[in-house]
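Written out below as structure tokens is the structure these notes cover.
The values are calculated or read from the model by the stated rules, or taken from the named source; none is laboratory data. Because the structure is predicted, anything quoted here is derived from the model rather than measured. Virtual Cβ from ideal backbone geometry, glycine too; neighbours counted across all protein chains shown. These accessible areas exclude ligands, DNA and RNA; they are computed on the full protein's heavy atoms, side chains included. Shrake-Rupley method; radii C 1.70, N 1.55, O 1.52, S 1.80 Å.
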Amino acid sequence: MSSILTLSRRVSPLGVDLGAHGVRIVQWARVRGDYVPVGAAAFEAAAPVVESAPGERAAHLKDCRRLAAFRGRHAILALSSPDVQFYALELPPVTGRELAQVVRFEVERLMTETTSAVETQHWSLPATKVPAPNAIGVAASLERITEQLAICRDAGLTCTVVDTFATALARLGVLLHRWPDDVVWGMLDLSGRAARLVLCSEGAPVLVRVVGTGGQTWTQRVAESLSISPTAADVQKCEQGVAPPARSEAAGEPAVAPSELSAMLLGILRSDVHGLAAEVKRSYEYVRSCYPRKQAADLVLVGGGAGMPNLAAHLAHLLGIPVRGASAYLEGRDCRLRWDPKVKQPFETFAVAGGLAAGDS
């Protein structure tokens, strides 16, 4: 029997988020303008992989590929901090080869660490009437890029694009929600190594920076304070979270009684949470000084720490803007992503991989 309707379906390359603690892969198919998952898989390493063990990283990538029915061998990789650096630039009105030379000169001038071979790239920022940077420059070690490509090749994949975590997260954010041009919105990646902020406007990352310590540091603080193992501390951190922020009776908000353990965890991590919020707030204020007519909008949480109970509520309370995990946007009217509810891991952990795969689909 012939089909009544055949949907247009284009399969993306594999978006590969290759980290020290594991691998995450996402592949999309475009169906009527939406992004439908072909497959999504995460492989967590038993212990962090050192930089000098590319063979082990390739083995993890192979293992992750076996966990879902991915199609093809083409992949897109991401470089993350500190392997890639971002610089605010004020570029002259030149184009073509001259522009590339100016970008390279300016980026190398701003680099604190020099290396023999560096790849540079840039993207333009939205126009503004006040003195402000008009581009973001990117620098990455050619040696590091070559290592990542070799890992991909040894795992049986062909890397077609090397991207950055910042552009991948911005791309995912655009697909999660239709943001007005007159706002600044953010993606906060709470990874094990660091908290990385990407502020965006008009679809482009306008600021990229590390704004706090990572989940590993938080786990270590809890372990030392409670005299428990890091494994047990990580479980408590993820399950109990921190006590919710104080509610305002005048606003009619119901009081929530915290558990004794979540109150203890808040005491242990208070300086980290408040320090994180302060850096995020400072970043929003800087970007708004560059774009005075734009308002501060949502902060979207991604990464392994995004699901920590009550963390989003604390950040919202301290920042005065909506703060939600990325998965909260999946049911929105403007969301162009469709996710598979059978995937066991939280959607937030696939943010970088999902953004990578959406870049060439």
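How about region 115-125: which of its residues are open to solvent by less than 60 Å² (accessible area, probe 1.4 Å) and touching a helix residue (DSSP H, G or I) at 6+ places or on another chain (Cβ under 7 Å)?
Keep residues of region 115-125 that are open to solvent by less than 60 Å² (accessible area, probe 1.4 Å), which gives 117-118, 120, 122-123, 125.
Ala117, Val118, Thr120, His122, listed by residue number.
Quick one: is Leu125 modelled with pLDDT of 95 or more and in contact with a His (Cβ under 9 Å, 6 or more places away or on another chain)? Walk me through how you get there before you give the answer.
Values: modelled with pLDDT of 95 or more: yes; in contact with a His (Cβ under 9 Å, 6 or more places away or on another chain): no.
Spelling it out, it is not the case that Leu125 is modelled with pLDDT of 95 or more and in contact with a His (Cβ under 9 Å, 6 or more places away or on another chain).
Exactly one residue out of Val102, Val94, Val174 is farther than 27 Å from Leu188 by Cβ, modelled with pLDDT of 95 or more, out of contact with any His (no Cβ under 6 Å at 6 or more places or on another chain) and open to solvent by 30 Å² or more (accessible area, probe 1.4 Å): that is Val102.
In the set Thr128, Thr112, which member is among the β-branched types (Val, Ile, Thr), open to solvent by 60 Å² or more (accessible area, probe 1.4 Å) and closer than 25 Å to Val287 by Cβ? Break it down stepwise before answering.
Details: Thr128 fails: open to solvent by 60 Å² or more (accessible area, probe 1.4 Å).
It is Thr112.
Each residue in region 78-91 was checked for being within 21 Å of Ile145 (Cα to Cα) and either open to solvent by 40 Å² or more (accessible area, probe 1.4 Å) or not aromatic (Phe, Trp, Tyr) (or both), and 8 pass. When restricted to residues that are touching a residue at least 24 places away in the same chain (Cβ under 8 Å), under 24 Å from Ala168 (Cβ atoms) and not in a loop (DSSP other than H, G, I, E, B), region 289-327 contains 15.
For Ala296, indicate whether it is in contact with a helix residue (DSSP H, G or I) (Cβ under 7 Å, 6 or more places away or on another chain), modelled with pLDDT of 95 or more, among the aliphatic types (A, V, I, L, M) and open to solvent by less than 10 Å² (accessible area, probe 1.4 Å). In short, no.
Tell me, please, whether a residue that is open to solvent by 30 Å² or more (accessible area, probe 1.4 Å), part of a strand (DSSP E or B) and closer than 30 Å to Val287 by Cβ can be found in region 188-210. Checking region 188-210: at least one residue is open to solvent by 30 Å² or more (accessible area, probe 1.4 Å), part of a strand (DSSP E or B) and closer than 30 Å to Val287 by Cβ. Among the residues of region 320-344, how many are within 20 Å of Ala195 (Cβ to Cβ), open to solvent by 30 Å² or more (accessible area, probe 1.4 Å) and touching a strand residue (DSSP E or B) at 6+ places or on another chain (Cβ under 9 Å)? Qualifying residue count, region 320-344: 4.
Give the number of residues within region 132-148 that are at pLDDT 95 or above and open to solvent by 50 Å² or more (accessible area, probe 1.4 Å). Result for region 132-148: 1.
Is it the case, given these coordinates, that Ser283 is under 19 Å from the mean Cα position of the chain (by Cα), closer than 21 Å to Val184 by Cα and open to solvent by 20 Å² or more (accessible area, probe 1.4 Å)?
no
Within region 233-257, the set of residues being farther than 15 Å from Gly307 by Cα and either buried (at least 19 other Cβ atoms within 10 Å of the Cβ) or modelled with pLDDT of 95 or more (or both) comprises just one member, Ala233.
Would you pick out the residues in region 164-187 that are in a loop (DSSP other than H, G, I, E, B) and charged (D, E, K, R)?
Result: Arg178, Asp181, Asp182.
Does region 354-361 contain at least one residue that is of a type outside the set (A, V, I, L, M, F, W, C), open to solvent by 30 Å² or more (accessible area, probe 1.4 Å), modelled with pLDDT under 95 and within 16 Å of Leu169 (Cα to Cα)?
Going residue by residue through region 354-361, those that are of a type outside the set (A, V, I, L, M, F, W, C) are 354-355, 359-361.
Okay, now just the ones that are also open to solvent by 30 Å² or more (accessible area, probe 1.4 Å), so 359-360.
Among the residues that remain, those that are also modelled with pLDDT under 95 are: 359-360.
Next, from what is left, pick out any that are within 16 Å of Leu169 (Cα to Cα): 359-360.
Yes, that holds for at least one residue.
When Val107 is tested against (1) open to solvent by less than 20 Å² (accessible area, probe 1.4 Å); (2) modelled with pLDDT of 95 or more, only condition (2) is not met.
For every residue, the table says whether it meets (1) aliphatic (A, V, I, L, M); (2) not in a helix (DSSP H, G or I).
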| site | (1), (2) |
| --- | --- |
| Leu77 | yes, yes |
| Ser81 | no, yes |
| Ala88 | yes, yes |
| Glu108 | no, no |
| Glu113 | no, yes |
| His122 | no, yes |
| Leu149 | yes, no |
| Gly156 | no, yes |
| Val162 | yes, yes |
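Residue count for region 177-187 under the criterion of being open to solvent by less than 20 Å² (accessible area, probe 1.4 Å) and over 20 Å from Thr128 (Cα atoms): the result is 1.
Report the residue count in region 262-276 for those that are free of Cβ contacts under 8 Å to residues at least 60 places away in the same chain, out of contact with any Lys or Arg (no Cβ under 7 Å at 6 or more places or on another chain) and buried (at least 17 other Cβ atoms within 10 Å of the Cβ). Step through it out loud before you land on a result.
Of the residues in region 262-276, the ones free of Cβ contacts under 8 Å to residues at least 60 places away in the same chain are 262-271, 273-274.
From what is left, the residues that are out of contact with any Lys or Arg (no Cβ under 7 Å at 6 or more places or on another chain) are 262-264, 266-267, 270-271, 273-274.
With buried (at least 17 other Cβ atoms within 10 Å of the Cβ) added as a condition, the list becomes 262, 264, 266, 273.
Going through region 262-276 one residue at a time, the tally reaches 4.
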